[in-house]
Structure formats: structure tokens, C-alpha cells
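Computed from the coordinates by the stated procedures, all read-outs in this text should not be read as laboratory data. Note that the structure is predicted; figures quoted are calculated from it, not measured. Here the Cβ is made from the backbone with ideal geometry for all residues, glycine too, and neighbour counts use every protein chain on show.
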């Protein structure tokens, strides 16, 4: 692949990322991405034979950003495993609330060609890190199931918060106390180590 091929491929993905942020998942068509990138509507097919492959490349950018954010949050956290889980959860929720279109795309594996294009390889390390931290926080727990339940709870929390359903139901606009309650429900209170 030539340098111009790489730059056009990246430009198409960059354009998709920008379009997703501005207009949401429904706006991500090959034709619209090509138009905004300033190329013919057939040009994306040279790099992305299917729409799903382009969506997967865009989602890959989101997974890379989420991985950087969670790594950074964990690097700043000097406490034990439970406080690291809390830091990871906060970084995850911030990402979900700041980049809702990307967040939605990333976890729509029904839309993405995740097996063939490596998205599973991009998405599973974060889950594995969560399992590891939960196992360290509570060695007697089934860490994979607790991590799965916590992840599902965080996902629902992000969606309901973004839709403002929780603010209405709880009568408050501070997400932190609710997140603390979620963490306590899954991990108990305080580090055990």
C-alpha cells in the first residue's frame, strides 16, 4: 500500500469518527463519509469492501481511545484493586458520556465485523483487566461473572444517565454517588487487600 493509500484510508476513518461525533451512528454511510472526505462515493470500497469494515475501523479508533483513557486512569491511581476498579469505571463512564456515538458503535457487535477485523482483540483486554482487578479485590469471587455484571451495570448506567432517566428518577445530577453504590453492590465496601 502506498503512502497516499494509507493517508486516504486514515482520512476516511477520521471523517467517519468526526461524522459519528457530530451526527451519530445513523449518519455513517459510505456515501456520506466519501462526500465529506472529498472523494468519489466508490473510493471507500478500495479500502473497505463493506460498510461493516469501515464501521469496524471507526470503532477500532474508539477502542484505542478508551484503552488510553483507562490506562491513564489506572496509572494515576495508587490505591488497591477496588479503588483501581473505581478509577477504571469512572474513565469508562466519562468516555461513554463524552463520546456517545462512538460508545454506541463500539458495543454493537451485531453491526461490526469484529472477528475478522480484530475488534475482539481490541475490546477484550479491558474486560480482562477488569476481571484481574476484581479477582485481586475479592479473591473468593467469580471474577469473570462479577466483571460481566459490573460491565453490564456500567453500560446501563451510562445509557440511562445520558438519556437523563436516572436524574429524573433520583432527583439528582451527580453521577458519583450512584457509581459508588454500583461499585459497593458488586465489590462490597473498601479494599480487602
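Key figures
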| quantity | calculated |
| --- | --- |
| Mean residue ellipticity (222 nm) of the chain, computed from DSSP H runs ≥ 4 via -39,500 (n - 2.57), nearest 500 | -24000 deg cm²/dmol |
| Potential lengthening between residue 83 and residue 127 on full extension [0.36 nm per residue; Cα-Cα distance subtracted] | 14.2 nm |
| The chain: radius of gyration over Cα atoms, expressed as a fraction of 2.2 N^0.38 Å | 1.16 |
| Distance from the stretch 153-186 to the stretch 2-60 (C-alpha centre basis), Å | 34 Å |
| Spin-label model distance (nm) - residue 162 vs residue 189, 7 Å beyond Cα toward Cβ | 3.2 nm |
| The stretch 1-49: relative contact order in percent, alpha carbon pairs under 8 Å with at least 6 residues between | 32 percent |
| Gain upon complete extension [residue 11, residue 23; 0.36 nm per residue less C-alpha separation] | 2.6 nm |
| Ordering of 87-94, 148-155, 73-80 by burial proxy (mean other Cβ atoms within 10 Å per residue, highest first) | 87-94, 148-155, 73-80 |
| At q = 0.14, 0.18, 0.22, 0.24 Å⁻¹, base-10 log of I(q)/I(0) for the stretch 123-188 (Debye sum, equal scatterers on each alpha carbon) | -0.46, -0.70, -0.91, -1.00 |
| Fraction in percent of alpha-carbon pairs per bin - 10 Å, the stretch 84-135 | 22, 46, 31, 1 |
| Computed label-point distance, nm, for sites residue 149 and residue 181 using a 7 Å Cα→Cβ extension | 1.7 nm |
| Inter-label distance for residue 170 and residue 50, nm, one decimal - labels placed 7 Å from Cα along Cα-to-Cβ | 4.0 nm |
